Amino acid sequence: MSLTKAINTPIGTLNYTFINGDGRDNLSGVAQYSTQLVLSETEAAPLLEEINALWTASGIKKNPKSMGYKTLEDGNIAFNFKTNVENKFGKTKIKVFDARGKEADFSEIMIGNGSRGRVGTTMAIYDQPAQSGVTLYLNKLQIIELLEYTGGDGESFDAVEGGYTHTTAFEAEDTPAPTIRKF
């Protein structure tokens, strides 16, 4: 019996996608590529069925620590996919495809929250003495609608009269000193 299965997910909303560069460190400090796919309960049903069937087929009797997904407050299901940036063969490359199924170069493009797409994943069972569950590995992505992340930090602030103004050593000496209240 195999404890892995490769599948493509349904199309959903992508969030927190890190697929190039150094990825993002997990809680153990290991660099990983990752993405989150959010589906409605109805859209998620076939994927949940696949994950649960793999878990049942594993024959593991203890309760899983994680099944690779969680239910959000709004009832949608968030699936978390990850893979290490480095493996025993070298650096991992996440392939990205456009809506036509053609491979696309995303080395200089960051996928923003709210993009639509699907994930090519390998579901795998892990069973260790302390914990067991299902890991959803990130193998590839298909982008259906791209919202490119451009690093913007939102709108700028409007000036507030009479508030704190910052002065540096390089600014003119005749600038009034800022008012600082100590608590």
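Note on the chain: percent of Cα-Cα distances in each 10 Å bin, starting at 0 and stopping at the bin with the largest distance, equals 8, 29, 27, 13, 10, 9, 3, 0. Against the criterion of solvent-accessible heavy-atom surface with a 1.4 angstrom probe, GLU145, GLU161, GLU73, GLU50 sort, most first, into GLU73, GLU161, GLU145, GLU50. Of the residues ARG116, ARG100, the one with the largest accessible area comes first in the ranking ARG100, ARG116, computed with a 1.4 Å probe on protein heavy atoms. Taking every DSSP helix (H) stretch of at least 4 residues in the chain, weighting each as -39,500 (n - 2.57) and dividing the sum by the residue count yields a mean residue ellipticity at 222 nm of -3500 deg cm²/dmol. Surface exposure of the chain, expressed per residue as accessible area with a 1.4 Å probe, stands at 68 Å².
So how tilted is helix 41-58 from the main axis of the chain? Cα-based, degrees 0 to 90, rounded to 10. Long axis of 41-58 versus the principal axis of the chain: about 50 degrees. For the range 136-143, 3J(HN,Hα) computed residue by residue from phi via the Karplus equation (6.51, -1.76, 1.60; θ = phi - 60°) reads 9, 7, 8, 9, 7, 10, 10, 9 Hz, glycine and proline entered as x.
Amide hydrogen proximity for LEU147: with H placed 1.01 Å from N in the peptide plane, the residues at 5 or more positions away or on another chain lying under 5 Å are GLY112, SER115, ARG116. Beyond 27 Å in Cα-Cα separation lie the following of the pairs LYS5/LYS61; LYS70/LYS91; LYS82/LYS102: LYS70/LYS91. Close amide H partners of LYS140, meaning residues 5 or more places away or on another chain with modelled amide H under 5 Å apart, are GLY120.
For GLU86, the amide hydrogen comes within under 5 Å of the amide hydrogens of THR92, counting only partners 5 or more places away or on other chains and with H modelled in the peptide plane. Over the range 10-102, the ratio between the Cα radius of gyration and 2.2 N^0.38 Å evaluates to 1.23. Each residue was assigned an accessible area with a 1.4 Å probe, and for ASP105 the value is about 120 Å².
Cβ-Cβ distance of SER28 and SER107, R₀ of 25 Å, FRET efficiency by 1/(1 + (r/R0)^6): the value works out to about 0.40.
For the range 1-91, averaging the sequence separation of C-alpha pairs within contact (under 8 Å, six or more residues apart) and dividing by the residue count gives a relative contact order of 32 percent.
Distance from the Cα centroid of the range 1-78 to that of the range 91-156 is 12 Å (rounded to whole angstrom).
The values are calculated or read from the model by the stated rules, or taken from the named source; none is laboratory data. Quick caveat: nothing in here was measured; it's all calculated off a predicted structure. FYI the Cβ positions are ideal-geometry reconstructions off the backbone, even for glycines, and counts take in every protein chain you see. All accessible areas refer to the heavy atoms of the entire protein, side chains included, with ligands and DNA or RNA removed. Shrake-Rupley method; radii C 1.70, N 1.55, O 1.52, S 1.80 Å.
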